[in-house]
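Trainee: Starting off with a structure, shown below.
We did not get these values from a lab; they are worked out from the coordinates using the rules stated. Keep in mind it's a predicted model, so treat the numbers as computed, not measured. All Cβ positions, glycine included, derive from the backbone under ideal geometry; neighbour counts span all protein chains shown.
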Amino acid sequence: MPFAHITGWGMYVPEPVLTNDDISKLVETSDEWIRERTGIRERHIARETDFPSTMGVEAAMKALKIANLAPTELDLIICTSSSPEYIFPATACIIQDQIGATKAGAFDLQAACTGFVYALNMGAQAIRSGSMKNVLVVGTEVLSRFVNWKDRNTCILFGDGAGAFVLQASDQPGGVMSAVMHSDGSGADSLSVPAGGAHCPATEATIREGKHFIQMDGKEVFRFATRVMGKAVTEALEKINLTTGDAQWIVPHQANYRIIETAARHLKMPLDKFVINVERYGNTSTASIPIATIEAVNKAQIKPKDKVVFVAFGGGLTWGAMVVEWTGPLPAKKHVRVEPYRLLARLRSFIRRALRFIEGFLSRKEL
Ligand code: COA
């Protein structure tokens with residue numbers, strides 16, 4: 001059975017930064033309150049020209065470059081987002097088109113902030129089964145467009161950004177070692193965007209009532225998160241007969257510093273084993289785990305052979321954890337220049353759209 005290694009990684013955050021002081025000009029709050037309750041100081045906010053797809057593409061291209069893999073070699077793209085481009089088509093398909101992954105299947109996976117752990121596990125299972133060799137997993141968020149900037153309970157928490165991993169098959173042991181995925185839909189109401197779907201389609205009233213924005217029972221979500229995080233970490237480690245002592249790093253979903261602190265206490269682990277960057281990004285939902293991991297890799301904190309545990313929780317309710325032995329790029333047979341594929345992809349997409357238009361025009365004339 002092949003092993004599924006993380007061989008490439010990339011992140012993208014839009015440049016504009018919104019500080020707590022900036023938010024205190026929008027709602028009644030303060031830098032001190034936000035830092036004390038959440039650990040967040042600032043977050044990045046998408047410009048008008050940034051979309052989940054465009055940010056996902058930037059992260060994906062960097063990940064492919066590190067993996068030394070051409071987009072045309074991808075078998076599958078899984079995009080996970082709590083703020084997707086559309087209800088459909090899938091954001092993954094837009095990314096597929098923009099990077100020129102001509103032979104890849106592409107779909108979106110919805111598991112709110114747990115999405116990246118779920119998607120990584122699905123990608124790894126596709127590789128473990130032998131049916132796929134190269135899988136791209138992207139977590140990408142423009143949550144700022146789903147936040148009610150008049151609601152101080154939620155607008156302080158979220159930020160925008162994207163992260164991507166390339167998973168590749170190899171006979172060498174390592175990579176994704178175990179994972180657990182859980183859900184409890186009885187808690188669906190505690191964190192949701194209630195309108196815009198089939199249950200509550202968009203109307204003037206839903207817009208007036210702010211039902212297209214994130215609604216959250218903060219206390220309930222806090223209780224849930226602290227209850228499940230530690231358990232999920234232990235469960236994923238126990239599946240492969242490891243304990244917390246065997247893990248060099250825990251990369252938790254970056255929602256709130258106090259939640260991470262409580263999980264560390266439950267696990268009886270020192271906080272310095274936890275990768276934490278919530279201070280500078282806020283909660284970027286599906287992008288938070290890859291962004292935190294990549295920063296730790298760039299700082300040479302996470303190194304090859306380290307056992308790393310990803311753990312996440314979020315709307316659904318969903319939660320899950322994954323144990324990975326960090327490896328890095330597979331030995332290269334050739335150097336792949338990834339950037340030209342992007343230009344070719346644009347050209348290809350333009351030509352296909354033009355041909356589709358001409359075909360449509362001609363068939364209308366025939367009728
Ligand atoms: N600034 C100042 N005061 C605020 C505030 C803000 N941004 N938001 C809420 N308050 C007020 C409340 O109105 C309340 O006032 P009251 O006592 O007069 O009614 C008081 O602060 C306490 O509110 P409470 O909701 O009890 O605060 P809290 O300690 O639970 O912290 C959260 C609120 C949202 C920070 C916290 O519940 C949390 O982080 N929950 C998890 C959320 C999360 O991670 N969601 C994403 C999961 S993927």
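Trainee: Say we look at segment 1-56 and pick out the residues that are of a type in the set (D, E) and in contact with an Asp or Glu (Cβ under 9 Å, 6 or more places away or on another chain); which of these is surrounded by the most Cβ atoms within 10 Å (Cβ to Cβ)?
Mentor: Within segment 1-56, the match that is surrounded by the most Cβ atoms within 10 Å (Cβ to Cβ) is D50.
Trainee: Restricting to segment 240-275, and then to whatever is among the small types (G, A, S) and either surrounded by 15 or more Cβ atoms within 10 Å (Cβ to Cβ) or within 15 Å of the ligand (Cβ to nearest atom) (or both), can you tell me which residue is nearest to P173 (Cα to Cα)? Even if it seems obvious, please write down each step before you answer.
Mentor: We begin by selecting, within segment 240-275, every residue among the small types (G, A, S); these are 245, 247, 255, 263-264.
Remaining after also requiring either surrounded by 15 or more Cβ atoms within 10 Å (Cβ to Cβ) or within 15 Å of the ligand (Cβ to nearest atom) (or both): 247, 255, 263-264.
Details: A247: 17, A255: 32, A263: 30, A264: 29 Å.
By that ranking, first place goes to A247.
Trainee: Name the single residue, out of those in segment 276-307 being surrounded by fewer than 24 Cβ atoms within 10 Å (Cβ to Cβ) and in contact with a helix residue (DSSP H, G or I) (Cβ under 7 Å, 6 or more places away or on another chain), that is nearest to S83 (Cα to Cα).
Mentor: N277
Trainee: Let me ask something additional. What are the residues in segment 84-106 that are surrounded by fewer than 22 Cβ atoms within 10 Å (Cβ to Cβ) and either over 17 Å from F51 (Cα atoms) or basic (K, R) (or both), if any?
Mentor: T102, K103, G105, A106
Trainee: For segment 314-326, indicate whether the set of residues that are among the β-branched types (V, I, T), surrounded by 17 or more Cβ atoms within 10 Å (Cβ to Cβ) and more than 23 Å from S81 (Cβ to Cβ) is non-empty.
Mentor: Yes, segment 314-326 has at least one match.
Trainee: Please state which one of G196, G175, G130 is in contact with a His (Cβ under 9 Å, 6 or more places away or on another chain), at positive phi and surrounded by fewer than 20 Cβ atoms within 10 Å (Cβ to Cβ).
Mentor: Among G196, G175, G130, only G196 is in contact with a His (Cβ under 9 Å, 6 or more places away or on another chain), at positive phi and surrounded by fewer than 20 Cβ atoms within 10 Å (Cβ to Cβ).
Trainee: Quick one: count up the residues across segment 200-222 that are over 18 Å from A321 (Cα atoms), surrounded by 14 or more Cβ atoms within 10 Å (Cβ to Cβ) and within 13 Å of the ligand (Cβ to nearest atom).
Mentor: Residues that pass the stated criteria total 6.
Trainee: If you don't mind, there's one more thing I want to ask. Can E235 be described as of a type in the set (D, E), more than 16 Å from the ligand (Cβ to nearest atom) and either under 22 Å from the mean Cα position of the chain (by Cα) or not in a loop (DSSP other than H, G, I, E, B) (or both)?
Mentor: Against the criterion (of a type in the set (D, E), more than 16 Å from the ligand (Cβ to nearest atom) and either under 22 Å from the mean Cα position of the chain (by Cα) or not in a loop (DSSP other than H, G, I, E, B) (or both)), E235 qualifies.
Trainee: Being over 22 Å from A232 (Cβ atoms), away from the ligand (no atom under 16 Å from the Cβ) and in contact (Cβ under 8 Å) with a residue 24 or more places away in the chain narrows it down to one of R337, R356, R348, so name that one.
Mentor: R348
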